[in-house]
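One structure follows; several queries about it will come next.
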Amino acid sequence: MSKIPRNFKLLEELEKGEKGLGAESISYGLSNQDDITMTNWNGTILGPPHSTHENRIYSLTIICDESYPDKPPSVKFISKINLPCVGPLGQVLVDQFDTLKNWKRSYTMETVLLELRKCMAAPANKKLPQPAEGSTY
């Protein structure tokens, strides 16, 4: 089976993200439309219901360097959040977050954002006290 080149994969993701064809609870797109390398992305996660995240909107940055999709993107929360897989500066910790730790080439930014949202809704995390709404790293 042949590998889809990085730019083709990112173009596919961009189209899906911009057209809102994915899950309604997340969104993502290029942070700068002129970024021909498609490296820097913004992501948004709507906090899952029945959790301390309910009615909150979390902003993230996603960096897909030249090793993407063979290696996972760098993901960092801009909005402050208290989750075991998020470091003190907002970075999603690869060794604490299974989706990044066990990265597969078939995964996408949508996969990462949806799995982070699932992590927020997990029984162990859904009641964790959270920083003040609107606070950022």
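No lab work stands behind these numbers, since they all come straight from the coordinates. Fair warning: this is a prediction, and the values are worked out from it, not measured in the lab. Positions of Cβ are generated from backbone atoms using ideal geometry, with glycine treated the same way; all protein chains shown enter the neighbour counts.
Find, among the chymotrypsin sites (Phe, Trp or Tyr not before Pro) in region 6-44, those assigned to loop by DSSP (not H, G, I, E, B) with at most 10 other beta-carbon atoms within 10 angstrom.
Filter output for region 6-44: empty list.
How far apart, in nm, are two points set 7 Å out from the Cα along the Cα-to-Cβ line at S59 and at K104?
3.3
Tell me, in nm to one decimal, what length is gained between T52 and E24 on full extension, where the rule is 0.36 nm per residue of separation less the Cα-Cα distance?
8.2 nm
Compute the Cα gyration tensor for region 29-69, then decide on rounded, prolate or oblate, letting a ≥ b ≥ c be the square roots of its eigenvalues: rounded whenever a/c is under 1.5, prolate when a/b is larger than b/c in the other cases, and oblate in all that remain.
Values: a/c = 5.14, a/b = 2.56, b/c = 2.01.
Prolate, since a/c reaches 1.5 and a/b exceeds b/c.
Once a ≥ b ≥ c are taken as the square roots of the eigenvalues of the Cα gyration tensor of region 61-107, is the result rounded (a/c under 1.5), prolate (a/b larger than b/c) or oblate (a/b not larger than b/c)?
Values: a/c = 2.90, a/b = 1.60, b/c = 1.81.
Oblate is the answer for region 61-107, as a/c is 1.5 or above yet b/c matches or exceeds a/b.
How many nm is it between the label spots at D35 and L93, if each spot is 7 Å from the Cα in line with the beta carbon?
2.6
How big is the gap, in Å, between the Cα center of region 93-121 and the Cα center of region 72-87?
First find each Cα centre; the distance between them is then 11 Å.
What distance in nm lies between label points placed 7 Å from Cα along the C-beta direction at A121 and I4?
For A121 paired with I4, the spin-label model returns 2.5 nm.
Right, another one. Which label belongs to the value computed from this structure, given these candidates for volume of the Cα convex hull per residue in Å³: [x] 124; [y] 112; [z] 203?
[y]
Run the helix sum for the chain: -39,500 (n - 2.57) per DSSP H stretch of 4+ residues, divided by residue count, reported at 222 nm to the nearest 500 deg cm²/dmol. Each step should come with its number before you reach the end.
Numbers: 3 runs with 30 residues, N = 137.
Per the formula, -6500 deg cm²/dmol.
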